[in-house]
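One structure, as structure tokens, below. Some questions next.
The values are calculated or read from the model by the stated rules, or taken from the named source; none is laboratory data. These numbers were taken from a predicted model, which means no experiment stands behind them. With ideal geometry, Cβ positions are generated from the backbone for all residues, glycine too; neighbour counts draw on all protein chains shown. Surface accessibility is based on the protein's heavy atoms, side chains included, excluding ligands, DNA and RNA. Shrake-Rupley method; radii C 1.70, N 1.55, O 1.52, S 1.80 Å.
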Amino acid sequence: MKSKISISNLDFYYGKNQALFDVSVEIPEREVMAFIGPSGCGKSTFLRTLNRMNDTIPIARVKGEILIDGKDIYAPKTDVVALRRKVGMVFQKSNPFPKSIFENVAYGIRINRMHSSKADLEARIEKALKDSALWDEVKDRLNTSAFGLSGGQQQRLCIARALAVEPEVVLMDEPASALDPIATQKIEELVVELKKKYTIAIVTHNMQQAARVSDKTAFFMLGKLIEVNPTQIMFTSPEDKLTEDYITGRFG
Amino acid sequence: MNESIHNRRKLISSMMTGLTAACAFFAIAILLMILGYIAVRGFSAINWEFLTDTPKPVGEGGGIGNAIIGSGLMTLLASLIGLPIGIGAGVYLAEFGDNWFGNTVRFLADTLIGVPSIIVGIFVYTLVVLPMTRQSGLAGAIALAIIMIPIVARTTEEMIRLVPKSMREGALALGAPQWRVTWNIVMPAAATGIATGAMLAIARISGETAPLLFTALNSRFYNYFYDQPMSSLTVQIYNFATGPFEVEHQMAWAATLVLVALILLINILVRFFTRKRF
């Protein structure tokens, strides 16, 4: 499988605190890669280096190299705005804008001037909402507030919003951690469906979830990448003792 | 034993609730008493002539029509100057102001909020009135704008800081440039709060007398031009109230009632236009 993102020797610092140590990993194209590990192990920090979301933190510092499609995203002339359009993100807590359902999905399309006409905009919104399996539930109330949706629906709206700008990579930071089992199941089915078109990196606390949705799994601990393997191998015969201890619930 | 602890806790709980309720009642009661007193004292003197006429010598009636217009014109111009600058400064402080410059501006704004308004009047007197060689509505409006700016800047900053980081990140993650995140996501999300801050500032300057004494002075005539001395409700109230005759005191109460009613009206209008839609 061709790799979409190549990370080599990545170090990350919050001021003087080092949060990631010499991480090297390949994220394959059109697959789901799960990142697991105990709280504070750096998996969210790692995910946020991939769309340079850590740039918003003034004291953050990155060393090493991240290539997406062979291009260094930390090169000085990289257009961060263009990068983030290509690498979409879904957050742990759903964060719809205080606007209507329609306008939430329209926002990314509008700011990137992707639509040719009003009809095209509406078609794009319908497609994004269908791709995120939300269309049937909201098609009759597109102009009502996004805050009127349930937690699971809000999260799928955020996924629709991310998909509407036609990214190539979708980063998901514990997208189902605040949702009930039924909503979680919907998100998981969606993740599996989305990998036909997108490269997906998903951070999760829930190991069963990683086992269910991912093709490959990476295990982080204390800022270090301990093991990367196909998910099936990872959960049946892990190579590293630490991985085995973690997935069998001996700590974390 | 358990029963008695439970009862004791319930008793303390209701006592504390009652105490805070009493404080809340006390706070609102004073306000209602002031408003009620103004209404009772002022209402009888209000009639059409009073609302539309200019002041006349004692005993000949007259009114506050020109003062209402003057207050309106100066508040309007002060808001046109003060709100954009204040809101702009608040946006800067909240979004980009975590540096020495932002800290300096924040400190100076806080200092300016605490400066007695008469000092602002004297400042504008030297800066505007002396070069123009006369008092004017413009000078009054500038003085009011100077009082407004730091209040609006600080409330805008506070309101913008309340917008959750997650909302900004959501927009950034879609490829929105920083200015668009501020303009289309953060500002609308903070709009109600910013409007409340603006309204408080407008209400505050509508009640200012001291900075107008040196700057706009007063006028006995209808004046629609900013280069001439201009009458205002507050200065007119001051003149009425310091006069020796009971008729004038009566008119001071009536003018006060009009001023309070206008501030209330501005409040209601701003609330209506910035109500939460989503």
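Identify which of B:Glu157, B:Glu49, B:Glu208 has the largest mean-square fluctuation in a Gaussian network model of chain B, with springs joining Cα atoms closer than 10 Å.
B:Glu49
Return the long-range amide H neighbours of A:Gly64 (sequence gap of 5 or more, or a different chain), with a cut-off of under 5 Å between placed amide H atoms.
Amide H to amide H, under 5 Å and 5 or more residues apart or across chains, A:Gly64 pairs with A:Asp11.
Distance cut-off 27 Å, Cα to Cα: go down the list A:Lys130/A:Lys224; A:Lys93/A:Lys127; A:Lys63/A:Lys86; A:Lys63/A:Lys99; A:Lys16/B:Lys165 and report the pairs above it. Write out the running numbers ahead of the final one.
On the way: A:Lys130/A:Lys224 38 Å; A:Lys93/A:Lys127 23 Å; A:Lys63/A:Lys86 22 Å; A:Lys63/A:Lys99 38 Å; A:Lys16/B:Lys165 23 Å.
Check vs 27 Å cut-off fails for A:Lys130/A:Lys224; A:Lys63/A:Lys99.
Any idea which of B:Thr155, B:Trp183, B:Met199 is furthest toward the positive side of the dipole for the stretch B:151-215, if Lys and Arg beta-carbons carry +1 and Asp and Glu beta-carbons -1?
B:Trp183
OK, next. What does the charge add up to near A:Ser39, with Lys and Arg as +1, Asp and Glu as -1, over the other residues with Cβ less than 14 Å from its Cβ?
Within the 14 Å Cβ shell, the charges total -1.
May I ask you to evaluate 6.51 cos²θ - 1.76 cosθ + 1.60, the Karplus curve with θ = phi - 60°, for each residue of the stretch A:85-96 and list the ³J(HN,Hα) values in order in whole Hz, giving x for glycine and proline?
6, 7, 10, x, 9, 10, 9, 4, 9, 4, 10, x
Shifting gears a bit: Might you report the magnitude of the Cβ-based charge dipole of chain A about its Cα centre, with Lys and Arg at +1 and Asp and Glu at -1, to the nearest 20 debye?
It works out to roughly 720 debye.
Separate question: Give me, ordered by chain and number, the residues 5 or more places off A:Met221 or on other chains with an amide H under 5 Å from its own placed amide H.
For A:Met221, the qualifying residues are A:Ile226.
Let me ask something else. Under a GNM of chain B (C-alpha, springs under 10 Å), which listed residue has the highest mean-square fluctuation: B:Asn267, B:Asn47, B:Asn99?
Of B:Asn267, B:Asn47, B:Asn99, the Gaussian network model singles out B:Asn99 as fluctuating most.
May I pose another question? Work out the length of the dipole vector of the protein assembly as shown about its Cα centre, built from +1 on the beta-carbon of each Lys and Arg and -1 on the beta-carbon of each Asp and Glu, and round it to the nearest 20 debye. Present the calculation step by step, with values, prior to reporting the outcome.
Details: 53 positive and 46 negative charges, 46 e Å.
So the magnitude is around 220 debye.
To the nearest 10 degrees, how steeply does helix B:100-114 sit against the main Cα axis of chain B, on a 0 to 90 scale?
With rounding to tens, the tilt is 50 degrees.
Follow-up question, since we're still on this one. Using helices alone, what [θ] at 222 nm do you get for the protein assembly as shown, with -39,500 (n - 2.57) per DSSP H run of 4 or more residues, divided over all residues and rounded to the nearest 500?
-17500 deg cm²/dmol
Net charge near A:Ala119: determine it from the other residues with C-beta under 13 Å of the C-beta of A:Ala119, scoring Lys and Arg +1 and Asp and Glu -1. Walk me through the numbers before you get to the answer.
Values: positive: A:Lys118, A:Arg124, A:Lys127; negative: A:Asp120, A:Glu122, A:Glu126.
Summing Lys and Arg as +1 and Asp and Glu as -1 gives 0.
Can you list residues from other chains, or at least 5 along the same chain, whose modelled amide H is less than 5 Å from the amide H of A:Phe35?
When sequence neighbours closer than 5 places are left aside, the close amide H contacts are A:Ile202, A:Val203, A:Thr204, A:Ala218.
Under a 10 Å cutoff between Cα atoms, tell me which one of B:Val235, B:Val120, B:Val58 has the largest fluctuation in the Gaussian network model of chain B.
Of B:Val235, B:Val120, B:Val58, the most mobile in the Gaussian network model is B:Val58.
Next question, about the same structure. Where does helix A:118-131 land angle-wise versus the long Cα axis of chain A, in degrees 0 to 90, nearest 10?
Tilt of helix A:118-131: around 40 degrees.
Using the alpha-carbon atoms, what tilt in degrees (0 to 90, nearest 10) does helix B:246-273 show relative to the longest principal axis of chain B?
That works out to roughly 40 degrees.
While we're here: Please report, in debye to the nearest 20, how large the charge dipole of chain B is about its Cα centre when each Lys and Arg carries +1 at its beta carbon and each Asp and Glu carries -1 there. Please list the in-between numbers first.
Values: 18 positive and 14 negative charges, 188 e Å.
Dipole size: approximately 900 debye.
Also, I was wondering about something else. May I ask you to evaluate 6.51 cos²θ - 1.76 cosθ + 1.60, the Karplus curve with θ = phi - 60°, for each residue of the stretch B:15-24 and list the ³J(HN,Hα) values in order in whole Hz, giving x for glycine and proline?
Computed from phi, the couplings for the stretch B:15-24 are 4, 5, 4, x, 5, 5, 5, 5, 4, 4 Hz.
So with the 1.4 Å probe, I'd like the accessible area per residue for the protein assembly as shown, rounded to whole Å². Numbers along the way, then the final one.
Values: 26080 Å² over 530 residues.
Per-residue accessible area for the protein assembly as shown comes out at 49 Å².
Pop a pseudo-label 7 angstrom from the Cα along the beta-carbon direction at both B:Glu49 and A:Asn206 and give the gap in nm to one decimal.
My value for the distance between the label points is 7.9 nm.
With θ taken as phi - 60° and the coefficients 6.51, -1.76 and 1.60, list the Karplus ³J(HN,Hα) couplings across the stretch B:122-136 in order, rounded to whole Hz; mark glycine and proline as x.
So the J values, rounded to whole Hz, are 5, 4, 5, 4, 6, 7, 10, 5, 4, x, 7, 6, 7, 5, 7.
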